[in-house]
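Asker: Okay, handing you the structure first.
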Amino acid sequence: MEFKLLNNSQGNQEILIIFTYSHIKKYKSGEEIPFSKQFNNGKSDPFLSNIIESGEISGNKGEQVLLHTMMIDDFKYKSSHINDELKPKRILFYGLGDHEKVSADDVREASALISRRVKSLKIQEVSVIVETITNIDISVAVSSVVEGFALGSYKFEEFKSSSKKKRNEIKTIDLLIDKFDDEIKKSVEIASTTCDASLKARDLVNRPPNIVNPEYLKNYSVEMANANENLSIEILDKKELEKLEMRTFLGVAQGSKADPYGIILNYIGDSGNPSNNIWLIGKGITFDSGGLSLKPSMSMIDMKSDMSGGASVITAMDAIAKLKPKINVTGLCLATENMPGGGAQRVGDIVTSMNGKTIEIENTDAEGRLTLADAVEFANQRGASKIIDVATLTGAMVISLGHGLIGAFGNNNDLIQTLISAGEKTGEKIWHMPLDETSKKQNRSKVADIKNTGGRAAGSVTAAHFIGEFVGDTPWVHLDIAGTAMSSTNKGWISQGATGYPCRTLIETVFKLSY
Ligand code: BES
Ligand code: MG
Ligand code: ZN
C-alpha cells in the first residue's frame, strides 16, 4: 500500500472520500454547506444540498453514502476536487458525527472502516480529501488516515490456497491536501513506517507455530537486521546461553526439541552518550503448551501468540532504526517453545537464575516470567538505563482488563506515564496497574528464594512482581498484553487475529524518550 501526498486537484479517480459531520443536517438547499469549502469552492451545490435536505446524507457517525457520479447528469464538476482534472467515478461520504468532538481515534477508525468498504468494492485506488477532517491538527489527521487504511485493511491469508485468496488489495491512497509542508510529509513517513512494523508483527504472530519456531524468529531477525543499515544483531545459541548461565530460560526450553535462541537487536542513535539507552524485551514463547503443567486443549488454541511481545519488539526495532531517534535502543527476545518433552522441567524443580536467586517451579505453565527473569538480568548486566518488557504473561490479565487495555506495571511513574500517553496517541490503550506489597508476599517459597506462581488472586500482579524481583532499581515497565495481542473479530483498525500490539506504542515511546 502506497501513500502519496498530492494537491487537491490531483489524485486518482476511482473513489473520492469526503468526511461529513452531523451539523450539515441543519443546512437547507441554497445555503453554504460546511464541507463544501473543500468540495465546491465554498459555494453551495444544489445537487448535494438536495441530498442533504432529504436526509440521505446526515453526517452522523459511521454513516457511509456512496454516489456514482456517472449517474448524475447535471453533476457540477466545479471545485478544485470535482473539476475537469479530477472527476471521481465514485464519492464516498463518510460521517464523523459531531465536528467538535472528532478525535484522531475517530479518524483512524473511520479510515479503517472505509478501507474495508473500498476493498469489498474491489477498488485499488483511493483519494481522500484530508482537509474535510476538522477539529484536529492536519498532520495528526493525515497520520490517522494512513494508520486506518494500513492497519484496517489487513487480512492474514498466507495459508489460503491462491484460489481461495480474496485478491483485492488497495494499492495507492492519495492524500489530498492543498498545501503540505515538511512536517506533514514527515508524519506520513512515520505513520507508514510504524504501521508497516505493526503489520509485520501481526504476520509473525498469525503464522502458525510449526513455522514460526525459535529458529524462524532468529532467521527473520537476522535478515531484517542485514537489510537495515542502522540495525545490528547478535544471536546467542544454546552454548552461549549456557555460558551466560541463563538457567531459568534454559529450564523452560529443555522440554522442547527446538533449540532456544537469544535475539539481540541494537540501534545506536546517540553514540556519544551510551547511558541514553532503553531496552525493549519481548516474551518469545513460540508455542506455550504449558509444559508438564499441560494446558487443556482449548486453552492452547491461541498459544502461537505467546511470542507477540517478541514480535512487536523485533519489528519495532526495524522501524526505530529507520526513523532514527536520538537514543540508543536494544531489543531482546529470548525465543523458545514451552513443551512437555521427556527432558522437560518438572514441577518442584528449583533452578538458580542468571542473577543467582533460586526459584521453585510450582507450575511449568508460568514460563513467561521465568524467561523474563533472565532477560532483565541480562539487560542489567549490559548496562540498561531503562527497561520495558512486553509479554502475553497471564490469563488473569484478560479477566481484569479484558481486550481493550494493556496492563502496565512498574517501578517508575514517569516511564509508565510516558507509555500511557504514547498509547493514547496510537490508540493502543494502556492502564496503570498496581504492584502492592500484599500480593508480593504470595510469591514467597518455603524452599527457595521465590516461586514462580502466586496463586489465583491478583494473578497478573504477582507475575509482574516476580519480574520486578529481577529488575532491581532500573526504571522498568512491564506490559501484560495477554488480553490485547489477539482479537476474535475485526474492530475498527484492529483486524481479526493478531493485533500487532504494542508495536506502534513502543516506537512512539522511544521517540518521546529521545526528545
Ligand atoms: N501464555 C500464558 C498466558 C496467556 C493466557 C496469554 C491466555 C494469553 C491468553 C502464560 O504463560 C500462562 O500460561 N500463564 C498462566 C500462569 C499461571 C499458571 C500462574 C495463566 O495465566 O494461567
Ligand atoms: Mg504458560
Ligand atoms: Zn506463556
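Asker: Which residue, of MET397, MET354, is away from ligand 1 (no atom under 14 Å from the Cβ), of a type in the set (A, V, I, L, M) and in contact with a Ser or Thr (Cβ under 7 Å, 6 or more places away or on another chain)?
Answerer: None of the others qualify; the one that does is MET354.
Asker: Could you please give the count of residues in the stretch 68-105 that are at pLDDT 90 or above, open to solvent by 70 Å² or more (accessible area, probe 1.4 Å) and within 23 Å of ARG116 (Cβ to Cβ)?
Answerer: Residues that pass the stated criteria total 0.
Asker: Looking at the stretch 469-478, can you tell me whether even one residue there is touching a residue at least 40 places away in the same chain (Cβ under 8 Å), of a type in the set (A, V, I, L, M) and in contact with a Lys or Arg (Cβ under 7 Å, 6 or more places away or on another chain)?
Answerer: no
Asker: Condition check: hydrophobic (A, V, I, L, M, F, W, C) and either within 17 Å of the chain's Cα centre (by Cα) or not assigned by TED's automatic domain parsing to the domain that holds VAL376 (or both). Does ILE320 satisfy that?
Answerer: In short, yes.
Asker: Restricting attention to the stretch 218-241, which residues are under 13 Å from LEU334 (Cα atoms) and in a helix (DSSP H, G or I)?
Answerer: Those that are under 13 Å from LEU334 (Cα atoms) and in a helix (DSSP H, G or I): LYS218, SER221, LYS238, GLU240, LEU241.
Asker: Something else now. Working carefully through the options GLY383, GLY410, GLY395, GLY402, find the one that is within 14 Å of ligand 3 (Cβ to nearest atom) and of a type outside the set (D, E, K, R).
Answerer: GLY395
Asker: Go through (1) under 14 Å from LEU5 (Cα atoms); (2) buried (at least 17 other Cβ atoms within 10 Å of the Cβ) and name the single condition ASP181 misses.
Answerer: It is condition (2) that ASP181 fails.
Asker: Which ones in the stretch 254-267 are in a loop (DSSP other than H, G, I, E, B) and in contact with a helix residue (DSSP H, G or I) (Cβ under 9 Å, 6 or more places away or on another chain)?
Answerer: Hits for the stretch 254-267 are SER256, ALA258, ASP259, PRO260.
Asker: Further question on the same structure: Taking into account only those residues within the stretch 284-307 that are of a type in the set (D, E, K, R) and near ligand 2 (Cβ under 10 Å from one of its atoms), which is most open to solvent (accessible area, probe 1.4 Å)?
Answerer: LYS295
Asker: Of all residues being in contact with a strand residue (DSSP E or B) (Cβ under 6 Å, 6 or more places away or on another chain) and within 13 Å of ligand 2 (Cβ to nearest atom) in the stretch 361-391, which is most open to solvent (accessible area, probe 1.4 Å)? Just the residue, please.
Answerer: Filtering the stretch 361-391 for residues that are in contact with a strand residue (DSSP E or B) (Cβ under 6 Å, 6 or more places away or on another chain) and within 13 Å of ligand 2 (Cβ to nearest atom), the one most open to solvent (accessible area, probe 1.4 Å) comes out as GLU362.
Asker: Would you point out which residue out of LYS440, LYS512, LYS491 is surrounded by fewer than 22 Cβ atoms within 10 Å (Cβ to Cβ), of a type in the set (D, E, K, R) and either under 30 Å from ASP349 (Cβ atoms) or within 14 Å of ligand 1 (Cβ to nearest atom) (or both)?
Answerer: LYS440
Asker: Please enumerate the residues belonging to the stretch 237-252 that are open to solvent by 10 Å² or more (accessible area, probe 1.4 Å) and at negative phi.
Answerer: Listed by number, the residues that qualify are ASP237, LYS238, LYS239, GLU240, GLU242, LYS243, LEU244, ARG247, LEU250.
Asker: Under 9 Å between Cβ atoms, which residue pairs at least 6 apart in sequence (or on different chains) link something in the stretch 347-359 that is farther than 14 Å from ALA373 by Cβ with a partner that is of a type in the set (A, V, I, L, M, F, W, C) and open to solvent by 20 Å² or more (accessible area, probe 1.4 Å)?
Answerer: Final answer for the pair search is VAL347/LEU292; GLY348/VAL447.
Asker: What number of residues in the stretch 272-301 are in contact (Cβ under 8 Å) with a residue 40 or more places away in the chain and more than 15 Å from ligand 3 (Cβ to nearest atom)?
Answerer: So the count comes out to 8.
Asker: Also: Going by the structure shown, is ALA396 touching a residue at least 60 places away in the same chain (Cβ under 8 Å) and more than 29 Å from CYS195 (Cβ to Cβ)?
Answerer: yes
Asker: For the stretch 260-313, which residues satisfy the criterion of being over 19 Å from LEU370 (Cβ atoms), within 14 Å of ligand 1 (Cβ to nearest atom) and of a type in the set (Val, Ile, Thr)?
Answerer: Across the stretch 260-313, the qualifying residue is only ILE301.
Asker: Among the strands (runs of 3 or more DSSP E) confined wholly to the stretch 330-431, which include 2 or more residues that are on the phi > 0 side of the Ramachandran plot and among the β-branched types (Val, Ile, Thr)?
Answerer: none
The values are calculated or read from the model by the stated rules, or taken from the named source; none is laboratory data. Small disclaimer: the values here were computed from a predicted structure and weren't measured. Ideal geometry is used to build each Cβ from the backbone, glycine not excepted, and the neighbour counts take in all protein chains shown. The protein model used for the area step is the full one, side chains on, heavy atoms only, and it has no ligands, DNA or RNA in it. Shrake-Rupley method; radii C 1.70, N 1.55, O 1.52, S 1.80 Å.
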